[in-house]
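Colleague: One structure, as structure tokens, below. Some questions next.
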């Protein structure tokens, strides 16, 4: 639902720009919002990296190795492993979003 609303807003913004032309203030505002979002993504990624490092130290294993083993069912379903996998996936999603946003600049 939220994604649909966002798409509608974007379509309206695109229509506005087509009808009334690009505006330096609008362009500057969008650029600042993108920069802000990139900073927030980076902060969240760094926080998740710290949490992932704790698991990596505790289990003496890189997260990328762990997630492959977990996905293959070789790690079990202990709460630590479920949390570790969740953190890893959140980090991956944020990194993907950040990369997409950087590609739009």
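Nothing in this text is a laboratory measurement; each read-out follows from the coordinates by a stated rule. Quick caveat, the model's predicted, so the values are computed rather than measured. Because the Cβ atoms are built from the backbone with ideal geometry, glycine has one as well, and the counts that use them run over all protein chains shown.
Colleague: When the label point is put 7 Å from the Cα of residue 59 along its Cα-to-beta-carbon vector, which residues of the range 81-105 have a backbone N closer than 11 Å?
Modeller: 81-88, by backbone N distance to the label point.
Colleague: Related question: So how much slack lies between residue 72 and residue 25, counting 0.36 nm per residue of separation and subtracting their Cα-Cα distance, in nm?
Modeller: The residue 72-residue 25 span can extend by a further 11.9 nm.
Colleague: Do me a favour and compute the ellipsoid semi-axes for the range 9-54 from its Cα gyration tensor, root of five times each eigenvalue, largest one first, whole Å.
Modeller: 35, 11, 4
Colleague: Rg/Rh for the range 50-105 to two decimals, with Rh computed the Kirkwood way over all alpha-carbon pairs.
Modeller: Rounded to two decimals, Rg/Rh equals 1.07.
Colleague: Among 23-32, 60-69, what's the highest-first ranking by average C-beta atoms within 10 angstrom per residue?
Modeller: Going by the mean number of other Cβ atoms within 10 Å, highest first, we get 60-69, 23-32.
Colleague: Going 7 Å from the Cα of residue 49 in the Cα-to-Cβ direction, what parts of the range 66-102 have a backbone nitrogen less than 18 Å from that spot?
Modeller: 87-102
Colleague: Let me ask something else about it. Which log10 I(q)/I(0) values does the chain give at q = 0.12, 0.14, 0.18 Å⁻¹ under the Debye formula, counting every alpha carbon as one identical point scatterer?
Modeller: Evaluating at q = 0.12, 0.14, 0.18 Å⁻¹ gives log10 I(q)/I(0) of -0.59, -0.71, -0.92.
Colleague: When you count, for each residue, the other Cβ atoms within 10 Å and take the mean per peptide, how do 9-22, 88-101 rank with the highest first?
Modeller: Put in order of decreasing packing, that is 88-101, 9-22.
Colleague: Hey, another quick one. With contacts defined as alpha carbon pairs under 8 Å and 6 or more residues apart, what's the relative contact order of the chain in percent?
Modeller: The value is 33 percent.
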